[in-house]
Amino acid sequence: MFRWLVRAVSIALLLTALGARADAIVDSVGITVGDLDRSVHFYVDVLGFARVSEWEEQGADYEHVYGVFGARVRAVRLTLGGEALELRQFLAPQGRPVPADSRSNDRWFQHVAIIVSDMDRAYAVLRARGVAHASTGPQTLPAWNKDAGGITAFYFRDPDGHNLEVLHFPPGKGEARWQATDRLFLGIDHTAIVVASTEDSLRYYRDVLGMHVAGTAENYGVEQERLNNVFGVRLRITTLRAERGIGVELLDYLAPRTSRPMPSDTLASDLWHWQVTFARDDLDALEAAVAARSGKPGAASLVSPGVIAVATSGRVQAHALMIRDPDGHADALWTRPPGAAAQTLSSSAGPDR
């Protein structure tokens, strides 16, 4: 009994110390794609991203980080405003496609919210390029919703079927920088993930990773139904922020309770795999905090078998750890994220519409 109490207190102190840290930085959001060249063309030419670096990942170190044996990966880093996406194509082994019957309330759902200065123009650009709709069309949330009233949003899909969102903030909503009008596509505000339990997710993202709650809302009504393309939707939304970088938005479907879980055999090579990449310097403590709750209901789990020293040409370049949150969404924790450290290209940006 005494040993159990000491262990419980030690875990509580560790989580408190981690939660008090202010060095959680979201470096980028990563997406596994089926054809890297096709995806780069889409994000650059349609959405205005700039292609800034590229590299390959292979060898035992990366196999252990991703939990994928025999991995050989092509990767490209794209930026929009001050935010970054990383696209990865597993040349080997090739993963499975996004399920054709995916719905916005399935727990493998994830998207990034790309902020636009003019929703009508953005929608016209997307229609002209023939993107696949995931929403009926752009939806303006009603004024009665004090948290989200006046925000206009539209869901669509990239060439692999990944969900994306364009989002327009009216004056007084969102960060001041999103009111810029010099460009059409401005940057990435957040990545949204479907969760089964807000409380379980907060125990991980807030208490372990050290993010803080920046806002909450409860959305419902016909506009939300048409945005998510889910009838009868009622969403509990919790927005989390790190010290810097893209936010993480928790989407907890209070209704309908029909979401399907992340497949238990999901690998980083599967095309429904997304990852949020954090820059951290405390990976050993994070590994211990996750391992302490491993196997318990609502707990995160380790993908990597511990903190991995990633070496290039025989020299350690960085340390890395991959974790899956309570719903199976992946977080890649790096002391030196590979995309930010990769060789920089001469920037190729999409058209400045």
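For the chain, the mean residue ellipticity at 222 nm estimated from helices alone is -6000 deg cm²/dmol, where every DSSP H run of n ≥ 4 contributes -39500 (n - 2.57) and the total is divided by all residues, rounded to the nearest 500.
For region 32-109, the list of chymotrypsin sites (Phe, Trp or Tyr not before Pro) that fall in a loop by DSSP and count at most 16 other C-beta atoms within 10 angstrom reads Phe69. Exposure proxy for Thr32, Thr216: other Cβ atoms within 10 Å of each Cβ, ordered fewest to most, give Thr216, Thr32. Projected label points at Val222 and Ser197, each 7 Å from Cα along the beta carbon direction, are separated by 3.7 nanometres. Please work out whether region 163-292 counts as rounded, prolate or oblate from its C-alpha gyration tensor, where a ≥ b ≥ c are the square roots of the eigenvalues and a/c under 1.5 means rounded, while otherwise a/b larger than b/c means prolate and anything else oblate? Because a/c hits 1.5 or more and a/b fails to exceed b/c, region 163-292 counts as oblate.
A simple spin-label model places the labels of Glu56 and Arg315 2.1 nm from each other, with each point 7 Å out along Cα-to-Cβ.
Measuring r between the beta carbons of Trp144 and Thr258 and using R0 = 30 Å, the FRET efficiency lands at 0.70. Rounded to the nearest whole Hz, the Karplus-based 3J(HN,Hα) values (6.51 cos²θ - 1.76 cosθ + 1.60, θ = phi - 60°) of region 316-321 follow the sequence 5, 9, 6, 10, 9, 8, with x at glycine and proline.
Residues Val166, Val116, Val65 in ascending order of nearby Cβ atoms (within 10 Å, fewest first): Val166, Val65, Val116.
Residues Ser28, Ser294, Ser117, ranked from the fewest to the most other C-beta atoms within 10 Å, line up as Ser294, Ser117, Ser28. Taking amide H positions as modeled 1.01 Å from N, with prolines and chain starts lacking one, the residues under 5 Å from Asn229 and 5 or more places away or on another chain are Thr136. Restriction of the trypsin sites (Lys or Arg not before Pro) in region 189-268 to DSSP coil positions whose beta-carbon has at most 12 other beta-carbons within 10 angstrom yields Arg257.
A simple charge model with +1 on the Cβ of Lys and Arg, -1 on the Cβ of Asp and Glu and nothing else charged puts the dipole of region 150-219 at about 180 debye relative to its Cα centre.
Rounded to the nearest 20 debye, the dipole size of the chain about its Cα centre is 380 debye, using +1 on the Cβ of Lys and Arg and -1 on the Cβ of Asp and Glu.
Expressed in Å, the radius of gyration and Dmax of the Cα atoms of region 140-236 are 14.8, 41.
Computed extension length for Arg183-Asp35: 50.5 nm, one decimal, from 0.36 nm per residue of separation with the Cα-Cα distance subtracted. Near Phe278, the amide H atoms lying under 5 Å from its own belong to Asp27, Ala332, Leu333, Trp334; only residues 5 or more places off or on other chains count, and H is placed 1.01 Å from N. If you wrap the Cα atoms of the chain in a convex hull and average its projected area over all directions, you get 17.9 nm².
Taking 0.36 nm per residue of separation and subtracting the Cα-Cα distance, full extension of the segment from Arg157 to Glu243 would add 28.0 nm.
Rounded to the nearest Hz, the phi-derived 3J(HN,Hα) couplings of region 72-85 under the Karplus curve 6.51 cos²θ - 1.76 cosθ + 1.60 (θ = phi - 60°) are 9, 10, 9, 9, 9, 9, 10, 10, 9, x, x, 10, 10, 10, where x marks glycine and proline.
Only the coordinates and a few stated rules stand behind these numbers; no lab work does. Treat the numbers as computed from the prediction; the structure is a model and nothing was measured. Ideal geometry is used to build each Cβ from the backbone, glycine not excepted, and the neighbour counts take in all protein chains shown.
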